[in-house]
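The values are calculated or read from the model by the stated rules, or taken from the named source; none is laboratory data. All values reported here derive from a predicted model rather than from experimental measurement. Counting neighbours? That spans all protein chains shown, and the Cβs are built from the backbone with ideal geometry, glycine included. These area figures cover heavy atoms from the full protein model, side chains too; ligands, DNA and RNA do not enter into them. Shrake-Rupley method; radii C 1.70, N 1.55, O 1.52, S 1.80 Å.
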Amino acid sequence: MCGICGFSWEDEGLVRAMADRLVHRGPDQRGQVVAGGASLGHTRLAIIDLSENGRQPMANEDGGVFLVANGEIYNHLELRQELIRAGHRFRSRSDSEVILHGYEEWGEGVCRRLSGMFCFAVLDTHRRRILLARDRLGIKPLYYHHQGQRLVFANEIKAMLAWPGLERRVNLSALYRYLGWEFVPAPDTLFAGVHKLPQGHYAVFDLSQGSLRLQRYWDLQFHPAYRRPEEAVEDLRALIKTSVKRRLMSDVPLGVFLSGGLDSTTVVACMRELGVSDIKSFSIAYPDPSFSELEYAEDMARHYGTSSEVLMIPGLSLEDLEAAVYHLDEPMTDLSAIPLMLLCRRARQKVTVVLSGEGGDEVFCGYDRFKASKAASFLEPVPGLKPVLKAVAERLRDRPQKKGAVNVFKRFVQGLCLPREGEHLRWQYFLLPGQAQRLFRPEVAAELDFDDFAPVRAVLAHCNSRRRLDREIYADLKLVMADSVLMKVDKMSMSTSLEVRVPFLDHEFVEFTARLPGWFKLKGFTTKYIFRRAIEGLVPRRVVWRGKQGYSLPVKNLLRDPRQLRPLMEELLTTSPLVRDYLQVEEVRRLMDQHLAGTHNHNHLLWALINAALWHRRFLEQG
């Protein structure tokens with residue numbers, strides 16, 4: 001993994017200052033180039049070819065084309081041979097060098113030839129242009145600011161803020177989106193004027209004209225090709241192993257995150273079957289057993305004989321919370337973000353690369369929200385049912401455990417009462433009807449378009465399928481996966497100089513799953529049905545058919561605990577300029593009171609506000 005940055009004019013001092021803010025992404029080497037009316041910077045975490053030959057920026061044979069790249073190209077050996085046959089000369093064993101020569105050979109088409117996780121920038125001084133690109137699923141982030149004839153870019157926003165010309169302002173529309181979704185959907189960010197390059201896109205900046213053109217180069221297409229699960233099981237099992245095998249290439253120590261759940265256990269099982277002898281596994285635990293998967297993680301560590309390390313997280317420190325906010329660049333309040341950062345910190349003491357199970361729940365319908373949507377399809381036609389269920393749910397007090405019948409029922413009814421256009425993501429949205437209008441100050445609300453599920457409609461406009469489950473999977477991959485889950489994984493791991501690889505987001509693997517009918521994935525109310533069938537015999541049966549747990553932090557209880565987050569919440573949400581300037585302080589106070597009384601669970605919204613207030617303090621108030 002690496003840090004990349006640059007801009008469309010020449011300034012060696014500025015590009016060095018930007019790279020200084022990315023050292024955590026690449027502590028091993030750094031470099032910059034100033035040429036052709038532009039500047040590129042790079043910090044390197046060496047994974048493949050640890051020598052000086054892998055240093056970036058890389059130049060082509062005539063010194064007119066330069067590359068800075070972040071990520072791993074898993075088919076680099078095949079592409080290298082093809083490019084050598086075409087006459088290109090390689091100077092290193094680095095996988096990144098195939099991007100440079102691939103650009104010379106195929107231009108923007110190089111993006112379609114790459115298999116891996118990546119973002120990169122190519123400065124072509126001959127054609128007077130900069131090419132930016134991001135991998136198909138959005139595993140690696142890339143941000144840009146384009147105004148007038150100037151372009152600034154980096155794979156973390158904090159590097160872009162080294163340029164004094166980038167004004168620090170809150171994007172109010174993005175703030176509204178963030179409070180509902182817990183992340184800001186692409187292409188926006190919480191910084192006004194800073195944009196995400198969407199997954200599966202490249203952008204071409206013309207250095208002569210100052211124009212920027214974005215182009216989608218990949219999308220997921222659904223074309224069911226199997227009639228019975230038995231026909232697909234062997235193909236799927238083979239692809240799972242292939243995806244894991246591709247991600248074992250490394251010249252540095254490698255490990256795995258192990259929760260004991262379906263996805264992480266499958267990765268460990270494949271590693272063992274592929275001949276990895278010394279598997280180092282890393283797991284998280286909490287004192288509250290309703291939030292912890294320690295029992296399952298330890299069981300699987302024993303079963304596969306891994307060298308296991310367990311990180312017990314009793315609570316949160318302000319220092320860790322502020323570190324996470326800083327490294328995330330913009331708040332993204334997935335409740336597992338800070339635990340992941342702490343786990344990455346522990347893992348980095350032993351390894352440089354880990355494999356992780358992200359993606360399996362999105363492509364195989366593993367989340368409860370898929371089941372909730374299916375249940376809603378049976379209940380919504382019943383006249384008068386929603387008001388009755390809502391009245392019952394409102395009379396029930398929140399329970400301290402993670403799930404349980406009462407908490408699951410209350411959450412289900414909340415999603416059920418949101419507009420159906422939200423699809424299954426109604427159960428991933430955390431502003432209640434009319435709540436945003438009450439939350440924002442009147443003068444701010446007047447500037448906002450309160451349309452909660454506009455991001456869902458925008459994404460689904462590109463989906464080629466009309467089938468409900470296909471569309472739900474598509475929306476999950478394009479919204480929550482790209483802008484929340486993968487941002488969490490990248491930023492939290494790279495804060496510790498740790499590379500995380502995700503086998504279940506291999507694009508060929510994902511494309512294969514799109515050829516499976518929806519009912520293979522959610523059969524009745526059994527999630528990930530075909531995946532479970534495929535790993536029978538590879539993974540112990542007690543894991544194969546167990547339900548999902550997850551490792552999210554018990555934030556709702558920490559917010560009520562005067563020894564934990566309650567003092568911070570009450571101080572921040574009554575004094576923060578972000579709250580005072582844009583929100584109704586009385587409404588925020590009411591939400592806190594209800595949560596503290598235990599009559600309501602507002603942990604998602606309150607946690608989002610705390611993180612936003614800390615973000616505002618770190619990036620706008622302190623500068």
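Straight distance only, please: which aspartates and glutamates reach the Cα of K556 with their own Cα at less than 16 Å, same-chain residues fewer than 8 apart left out?
E182, D288, D334, D398, E570, D593
In the structure displayed, which of K390/K488; K196/K350; K374/K410; K158/K410 lie more than 27 Å apart, Cα to Cα?
Violating the 27 Å Cα-Cα cut-off are K390/K488; K196/K350; K158/K410.
Scan around L335 for amide H atoms under 5 Å from its own, H built in the peptide plane at 1.01 Å from N, and keep only partners 5 or more places away or cross-chain.
Distant-sequence amide H within range of L335: zero hits.
Quote the accessible area belonging to H146 in square angstrom, nearest 10, computed with a 1.4 Å probe and with ligands, DNA and RNA left uncounted.
60 Å²
Assuming 0.36 nm per residue, please report the length gained on full extension of the stretch L448 to S208 beyond their Cα-Cα distance.
82.8 nm
Determine the order of E309, E508 by accessible area, beginning with the largest, at a probe radius of 1.4 Å.
Reading off the accessible areas and sorting them downward yields E508, E309.
Give me the percent of accessible area attributable to carbon and sulfur for the chain, probe 1.4 angstrom.
The nonpolar share, carbon plus sulfur, comes to 50 percent.
Taking amide H positions as placed 1.01 Å from N in the peptide plane, with prolines and chain starts having none, which residues 5 or more places from M117, or on another chain, fall under 5 Å of its amide H?
Answer set, sorted by chain and number: E72, Y74.
List the aspartates and glutamates whose Cα sits under 16 Å from the Cα of K241, skipping any in the same chain fewer than 8 residues away.
Output for K241: D263, E273, E358, D506, E508, E511, E536.
Can you give me the long-range amide H partners of R129? Hydrogens built in the peptide plane at 1.01 Å from N, cutoff under 5 Å, separation of 5 or more residues or another chain.
The answer is D124, L207.
Antiparallel DSSP bridges in the chain: what percent, to the nearest 5?
For the chain, the DSSP antiparallel bridge percentage is about 75.
How far, in nm, would the chain grow between E586 and S377 when pulled straight, counting 0.36 nm per residue and subtracting the alpha carbon separation?
Full extension of this stretch gives 71.5 nm more.
Which option, [x] 96, 45, 27; [y] 37, 30, 24; [z] 57, 29, 21, is the value of semi-axes √(5λ) of the Cα gyration tensor in Å that was calculated from these coordinates?
[y]
Within the stretch 179-326, what percent of beta bridges assigned by DSSP are antiparallel, to the nearest 5?
Taking every DSSP beta bridge within the stretch 179-326, about 35 percent pair in antiparallel fashion.
How large is the accessible surface per residue of the stretch 470-572, computed with a 1.4 Å probe and reported in Å² as a whole number?
28 Å²
In terms of Cα to Cα distance under 18 Å, which lysines are near enough to K245, apart from those fewer than 8 places away along the same chain?
Filter leaves K280.
Working out 0.36 nm times the residue gap between E167 and E82, then minus their Cα-Cα distance, what length gain in nm do you get to one decimal?
Here the segment from E167 to E82 would lengthen by 26.1 nm.
Is it possible to state the helix-based mean residue ellipticity at 222 nm for the chain, with each DSSP H run of 4+ residues giving -39500 (n - 2.57), the sum divided by total residues, to the nearest 500 deg cm²/dmol? What is it?
Result for the chain, helices only: -11500 deg cm²/dmol.
Take the Cα gyration tensor of the stretch 222-356, multiply each eigenvalue by 5, square-root it, and list the three semi-axes largest first, rounded to whole angstrom.
29, 19, 16
Under the Karplus relation 6.51 cos²θ - 1.76 cosθ + 1.60, θ = phi - 60°, what is the ordered set of whole-Hz ³J(HN,Hα) values for the stretch 326-334, x standing for Gly and Pro?
With the stated coefficients, the stretch 326-334 comes to 5, 6, 6, 6, 9, x, 8, 9, 4 Hz.
Counting other Cβ atoms within 10 Å, keep those with at most 16, restrict to DSSP loop, and tell me which chymotrypsin sites (Phe, Trp or Tyr not before Pro) in the stretch 83-143 are left.
The qualifying sites are F90.
Which of the trypsin sites (Lys or Arg not before Pro) across the stretch 267-373 are loop residues per DSSP, with 16 or fewer other Cβ within 10 Å?
Here the trypsin sites (Lys or Arg not before Pro) that fit, given the DSSP loop and packing criteria, are K350.
Distance from a point 7 Å along Cα→Cβ of R93 to each backbone N in the stretch 234-260: keep the residues under 17 Å and list them by number.
247-254
Where the eigenvalues come from the Cα gyration tensor of the stretch 75-182, what are the semi-axes √(5λ) of the equivalent ellipsoid, largest first, in whole Å?
In descending order, the three semi-axes are 33, 17, 11 Å.
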